[in-house]
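The values are calculated or read from the model by the stated rules, or taken from the named source; none is laboratory data. Note that this is a predicted model, so its numbers are computed, not measured. Here the Cβ is made from the backbone with ideal geometry for all residues, glycine too, and neighbour counts use every protein chain on show.
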Amino acid sequence: MNLLQDVAQNGLGKLTWLNETGWEPLSDGGLRIHAGPKTDFFQNPNRQGGSDSAHLLWLPVTGDFVAQAHVRPTFTSTYDAGALMVRADETHWAKVCFEATDFDTHAAVSVVTNGLSDDANGPNLDVPDVWLQIVREGDVLALHYALDGRAWRMVRYCALPLPDEVQVGIVAQSPIGPGTAIDVYRFTVEQRTVKNMRAGI
């Protein structure tokens, strides 16, 4: 199921905004999401504040699933990113991002938030677009990236207490910058359990 087709043809369809923003369909069937300035999902581990202001285009998903997204961010400022997210509430969520890091690289970055956020930079990626994946099995998550949508590489394997029904969707963020645009070429969710969470298959 390609949910972007629903968006392009029928508006938002089954998808819902958290922190609504501007968007438009792309000519190739994708979707461009505009991230506003200083928008982020992050609960600072130093306990000096947090943010729940980034834009999430989501749908409800119950039980085990495999979610995938193909994103191409326009990197304007540090921490600009397109991401895939699973979310229960403001302080219980995980996201895997294609992000402009504070080391002047573009990388697969994962953030897991269980009260406070645990932020980790993954591999640097010298490419314009990346596939992202989140696999759920109960309260265990595996976060992956791929360059071709097939050969998945794990960036995080973790436990996170989540209710049976969660929000799963695309994030557009620009935490310290003036805003940017995230192109999303594909977003799919399959309700299934994988054989190997670490491999993502």
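So the values come out like this:
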| read-out | value |
| --- | --- |
| Of all residues in segment 79-96 being touching a residue at least 24 places away in the same chain (Cβ under 8 Å) and surrounded by fewer than 16 Cβ atoms within 10 Å (Cβ to Cβ), the one that is nearest to residue 158 (Cα to Cα) | 91 |
| Count - residues of segment 128-167 that are outside any strand (DSSP E or B) and among the polar types (S, T, N, Q) | 0 |
| Only one of 70, 34 that is under 24 Å from residue 166 (Cβ atoms) and either in a strand (DSSP E or B) or at pLDDT 95 or above (or both) | 70 |
| Hits in segment 124-134 - residues which are surrounded by 14 or more Cβ atoms within 10 Å (Cβ to Cβ) and in contact with a Ser or Thr (Cβ under 9 Å, 6 or more places away or on another chain) | 125 |
| Hey, residue 168 in contact with a Leu (Cβ under 9 Å, 6 or more places away or on another chain) and touching a residue at least 60 places away in the same chain (Cβ under 8 Å) or not | yes |
| Given (1) of a type outside the set (D, E, K, R); (2) modelled with pLDDT under 95; (3) under 18 Å from the mean Cα position of the chain (by Cα), index of the condition residue 201 fails | (3) |
| For residue 148: the one exception among (1) loosely packed, with under 14 Cβ neighbours inside 10 Å; (2) closer than 13 Å to residue 97 by Cβ; (3) not small (Gly, Ala, Ser) | (2) |
| Residue match in segment 39-58 (condition: on the phi > 0 side of the Ramachandran plot, modelled with pLDDT of 95 or more, not in a strand (DSSP E or B) and not acidic (Asp, Glu)) | no |
| Members of segment 118-155 found to be within 15 Å of the chain's Cα centre (by Cα), among the polar types (S, T, N, Q) and closer than 20 Å to residue 177 by Cβ, listed by number | 121 |
| Criterion (in a strand (DSSP E or B), small (Gly, Ala, Ser) and in contact with a Cys (Cβ under 8 Å, 6 or more places away or on another chain)) met by exactly one of 120, 172, 108 | 108 |
| Test: residue in segment 186-198 that is of a type outside the set (Lys, Arg), assigned to a strand (DSSP E or B) and in contact with a Lys or Arg (Cβ under 9 Å, 6 or more places away or on another chain) | no |
